[in-house]
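Report on the structure given below.
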Amino acid sequence: MSDTAQGFTPLGRTGMAARVARDIPEGWYVNLGIGIPTLVADHVPPEREVVLHSENGILGMGPAPAPHRENPWLVNASTQRVTIRPGGSYVDHASSFAIVRGGHLDLCVLGGFQVAQNGDLANWSQSAADVGRQIGGAMDLAVGAQRVWVVMEHVTKDGRPRILERCTYPLTAARCVSRIYTNLAVLDITPDGLAVVDTVAGLSFDDLQARTEATLRKA
Amino acid sequence: MIDKFVRSIAEAMNGIRDGSTVLMAGFGEVGAPHALLDGLIEQGATGLTIVLNAAGRAQKLGEPVQGIARLVELGRVRKVITTFLRSGSVAAEAVKAARMEAEIVPQGTLAERIRAAGAGVPAFFTPTGAGTLVAEGKEVRDYGGRPCVLELALPGDVALVEAWAADRWGNLIYRDSGRNFNPIMAMAGRLTIVQTHHVCDLGQLAANEIVTPGIFVDRVLHVAAGDPKLPR
């Protein structure tokens, strides 16, 4: 890729997930969305007690089971087979979303199509005209969690920015995102705009701004 | 003597009318009352409104059309109320061809609308969906400085539920993530029909462990359905 030729290496999916995991402290109750966010669980060290929530009624979700130890009755919100940790519990769907909507989660990590500089998030549909519509629990999580972090590629596959002045896709929720983790940088959404927390080695502030529609500032 | 057990699928599905709203539990393949859905397909009611978390996966060529996709294919569904309408599914194609309506709802709002119906709450305000397509045509009010959307309770004429074990009073327990929508749909159905893997004598399910008390349950059918399949 030309990016490597320019003297920096973007993070892969695993690298992005590991970068998010670094910032999750012990004791937090966390929901991880579908896609890269799900991978974050693999990078939280087992001795750090972070309690994972899954929308279908699991608190204390554990990693994928060992081969031949799968429990067909235990799936996560992506319907992948998972495990439950000692101390875990099951609730019904309304109680599961009371956990979400009642503000009990410390953090939700979501994937995104677009994030605006004011924290607006679009992550469920690329057009209001789409027949296929997959909201799932994203709107509830975006509104209900204490913090919403988004993890996504910095630009689209064809190089267009995803971090915008205003989202052009249908919104998941308004002004909900507090932090963005991309393959190039970590950005905080503050009352004074987007602040660059860190970047991959070799990437200059100007290089990052060139790939971002919204105006950035140094933290 | 109270005995909510029925002996056949036909008896379980008896009396479901055309135009009914049917709540269907399950998340992925887990806790989904597949035998009762097959029974509904057989029973013949039409013009149905079906409420379920996900309206089927993308249909692959040569693969049998089953479950909700089959019910839609037969033209028996007027409307689905769901959180996932996937492109390429039989349901999405029916919506595209204007043969069926779809209402796409945030999952927490769906669960709360069902819970509210079971609890006698006719409507509630929630910040979920405010400022999005979900709020279109709905009343919005500010509470605590946040815009909130008015959402209506979602009762079922019928609820289809899968339990792990049941007794003749209709007391139910669930297994692992098979609980999901089952307890709240059982509460919100005017006619709640249960398929259960195991049958217990009265008193065998301890009062401390019963999740759904039998007051919410009308009919129970013993279906040893086996483990849920892995999703494709």
q = 0.07, 0.12, 0.13, 0.17 Å⁻¹: log10 I(q)/I(0) that the Debye formula gives for region A:4-214, counting C-alpha atoms only: -0.21, -0.63, -0.73, -1.19
Partners for A:Lys218 among aspartates and glutamates (Cα-Cα distance below 16 Å; same-chain residues under 8 apart left out): A:Asp188, A:Asp192, A:Asp198, A:Asp206, A:Asp207
Semi-axes of the equivalent ellipsoid for region B:60-200, Cα gyration tensor, largest first, Å: 28, 25, 12
FRET efficiency, A:Thr168 to A:Arg217 (Cβ-Cβ, R0 25 Å, nearest 0.05): 0.60
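Taking each residue of A:15-24 in turn, how many C-beta atoms of other protein chains fall within 10 Å of its C-beta, and what is the average? The partial results should precede the final answer.
Details: counts 0, 0, 0, 0, 0, 0, 0, 0, 0, 0.
Shielding by partners across A:15-24 averages 0.
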Candidate lysines for bridging to B:Lys60, where Cα separation is under 21 Å - those fewer than 8 sequence places away on the same chain excluded: B:Lys96, B:Lys229
Average beta carbon contacts from partner chains per residue of B:183-195, 10 Å cutoff: 1
Relative contact order [Cα under 8 Å, 6+ residues apart], region A:55-163, whole percent: 25
Vicinal HN-Hα couplings computed from phi for region A:62-71 (Karplus, 6.51 cos²θ - 1.76 cosθ + 1.60; Hz; Gly/Pro x): x, x, 4, x, 5, x, 6, 10, 5, 10
Peptides B:139-150, B:187-198 ordered by average Cβ neighbours within 10 Å, highest first: B:187-198, B:139-150
Per-residue average of Cβ from other chains inside 10 Å of A:138-146: 6
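Among B:Glu63, A:Glu70, which comes first, second and so on when ranked by fewest other beta-carbon atoms within 10 Å? Walk me through the intermediate numbers first.
Values: B:Glu63 11, A:Glu70 16.
Final ranking by Cβ density, sparse to dense: B:Glu63, A:Glu70.
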Positive dipole terminus of region A:78-216, leading residue within A:Gln209, A:Leu184, A:Gln80 (C-beta point charges): A:Gln80
Magnitude of the charge dipole, the protein assembly as shown, Cβ model with Lys/Arg +1 and Asp/Glu -1, debye to 20: 440
Gap separating the Cα centres of region B:119-185 and region A:8-78, nearest whole Å: 27
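Can you tell me, using C-alpha contacts under 8 Å and at least 6 residues apart, the relative contact order of region B:9-222 as a whole percent? Don't jump to the answer; show the numbers that get you there.
On the way: 486 pairs, mean separation 46.3, N = 214.
Here the relative contact order equals 22 percent.
With both partners inside the protein assembly as shown, how many of the DSSP beta bridges are antiparallel, as a percent to the nearest 5?
Details: 34 of 81 bridges.
Beta bridges within the protein assembly as shown, antiparallel portion: roughly 40 percent.
Please list A:143-156, B:161-174, B:116-129, B:2-15 highest first by mean number of surrounding beta-carbon atoms within 10 Å per residue. Don't skip to the answer; put the middle values down first.
Numbers: A:143-156: 22.1, B:161-174: 24.1, B:116-129: 18.5, B:2-15: 15.1.
Going by the mean number of other Cβ atoms within 10 Å, highest first, we get B:161-174, A:143-156, B:116-129, B:2-15.
Coordinate-derived values only; no laboratory data. The model shown is predicted, which means the values in this text are computed figures rather than measured ones. Using ideal geometry, Cβ is built from the backbone for each residue, glycine included, and neighbour counts are taken over all protein chains shown.
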